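This report refers to the structure that appears directly beneath it.
The values are calculated or read from the model by the stated rules, or taken from the named source; none is laboratory data. What you see is a predicted model, and the numbers here were worked out from it, not measured in a lab. Reconstructed Cβ throughout: ideal geometry from the backbone, glycine too, with neighbour counts over all protein chains shown. Ligands, DNA and RNA are excluded from the accessible area calculation, which covers all protein heavy atoms including side chains. Shrake-Rupley method; radii C 1.70, N 1.55, O 1.52, S 1.80 Å.
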Amino acid sequence: MLSNTILIIGKVNVGKSTLFNKLLTTKISITSNKRNTTQKNIFGIQTQKNIQNVYIDTIGFKNILSIKNYILKKKYLKIKKYELKKINVILFVLEKNQIIKHFKNINKIIKFQKKIPIIIVINKIDYITNKHSLLPVIKKIKILSHINIIPISAKKKENIKNLKKIIDTYACKVKNHNFNKYQKTNLSIQEQIINIIKEKFFRNFYKELPYSNNIKIKSFKLNKKKEYIIKVNVFIRKKSQKKIFIGKNGKKIKVCSIQAKKNIKKILKKKVHLFLTIKQKK
């Protein structure tokens, strides 16, 4: 048996969660253009034949210096609920401009991390018109350290297969896998449902709503027809936010509900009836 624990780090909005989902070939982590969409570390588990890959999608960092401190102080070993005795490989997700701008700090991180190998993942290459402009950047890193550097587009799945092949080379032999072969994530079903609803709000409202809105599942039941009846409370802080959420004739909240139901149905494998209620926090 082989096991692999892969830590994904990078600045906010660099595309870590999109990469996380593409590597797993299933959607677990929520994605949006809103900064700090990922607000807690999420485990994604993929078991194929004798190898189990455990990917960890981390909260986005504000800057490269905070990433440096995270690595130096080994804070990745303090992830709640799980004792991580070993990280096999770190995926350091960057954009081309970040490498040029923060080269010195990136180099310090690479030099320090001798025990745990790092793969530099240059994401969003679909936005780079001249791909040859990446070569000097890659060469600059390669001169200082012989590490794997791979340009990708997580959004368009470009080079994802090659990245997976490199990741698999770091797997080590174990007696038993950490998770059973059917488990996909450390998130409960209810946590996954809340995340899906959050994502739909982030995508449909973007800048109109703050992160402070809390979502709680009021009831989660199967009816006689074996269909899920899910009632959810969305708590807001200001009365004025209610109109934004609901929209004219309830159109906005209806769109969010329809989109969320599609994703929830994929997880539960049954028909879903979703009821969203907007409530103001007292």
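Each residue in segment 117-127 was checked for being open to solvent by less than 30 Å² (accessible area, probe 1.4 Å) and either under 14 Å from Ile99 (Cα atoms) or not hydrophobic (A, V, I, L, M, F, W, C) (or both), and 6 of them qualify. Return a yes/no flag: does segment 133-141 have any residue that is at pLDDT 85 or above, open to solvent by less than 80 Å² (accessible area, probe 1.4 Å) and among the polar types (S, T, N, Q). No, the conditions are met nowhere in segment 133-141. Going by what's in this entry, would Phe92 be described as surrounded by 13 or more Cβ atoms within 10 Å (Cβ to Cβ) and modelled with pLDDT under 80? Considered against the rule, which asks whether it is surrounded by 13 or more Cβ atoms within 10 Å (Cβ to Cβ) and modelled with pLDDT under 80, Phe92 comes out as no. With respect to the numbered conditions (1) assigned to a helix (DSSP H, G or I); (2) within 24 Å of Ser3 (Cα to Cα); (3) of a type in the set (A, V, I, L, M, F, W, C), which one is the sole condition not fulfilled by Ile197? Looking at each condition in turn, Ile197 falls short on (2). Of Lys27, Lys81, Lys68, all but one fail to be modelled with pLDDT under 90 and on the phi > 0 side of the Ramachandran plot; the exception is Lys81.
Just one of the numbered conditions (1) open to solvent by 60 Å² or more (accessible area, probe 1.4 Å); (2) under 30 Å from Asn53 (Cβ atoms); (3) assigned to a helix (DSSP H, G or I) is not true of Lys270: (3).
Kindly indicate which of Lys161, Lys175 is on the phi < 0 side of the Ramachandran plot and either within 17 Å of the chain's Cα centre (by Cα) or at pLDDT 90 or above (or both). Give the derivation first.
Numbers: Lys175 fails: either within 17 Å of the chain's Cα centre (by Cα) or at pLDDT 90 or above (or both).
Residue meeting the stated conditions: Lys161.
Hey, any hits in segment 212-221 for a residue that's open to solvent by less than 50 Å² (accessible area, probe 1.4 Å), at pLDDT below 90, over 22 Å from Phe43 (Cα atoms) and in a helix (DSSP H, G or I)? Scanning segment 212-221 turns up no residue that is open to solvent by less than 50 Å² (accessible area, probe 1.4 Å), at pLDDT below 90, over 22 Å from Phe43 (Cα atoms) and in a helix (DSSP H, G or I). Among residues belonging to segment 184-193 that are over 28 Å from Asn123 (Cα atoms) and either part of a loop (DSSP other than H, G, I, E, B) or in contact with a strand residue (DSSP E or B) (Cβ under 6 Å, 6 or more places away or on another chain) (or both), point out the one that is most open to solvent (accessible area, probe 1.4 Å). Selected residue: Gln190. Going through segment 230-246 one residue at a time, which ones are open to solvent by less than 40 Å² (accessible area, probe 1.4 Å) and in a strand (DSSP E or B)? Those that are open to solvent by less than 40 Å² (accessible area, probe 1.4 Å) and in a strand (DSSP E or B): Ile230, Val232, Asn233, Val234, Ile236.
Quick check on segment 159-173. Is at least one of its residues part of a strand (DSSP E or B) and within 17 Å of Lys16 (Cα to Cα)? No. Per the conditions (1) out of contact with any strand residue (DSSP E or B) (no Cβ under 8 Å at 6 or more places or on another chain); (2) modelled with pLDDT under 90, the sole criterion not satisfied by Ile147 is (1). Apart from one condition, Arg203 fits all of (1) open to solvent by less than 40 Å² (accessible area, probe 1.4 Å); (2) at pLDDT 80 or above; the exception is (1).
Examine segment 199-221 for a residue that is among the basic types (Lys, Arg) and over 30 Å from Tyr55 (Cα atoms), and state whether such a residue exists.
Yes; the residues of segment 199-221 include at least one that is among the basic types (Lys, Arg) and over 30 Å from Tyr55 (Cα atoms).
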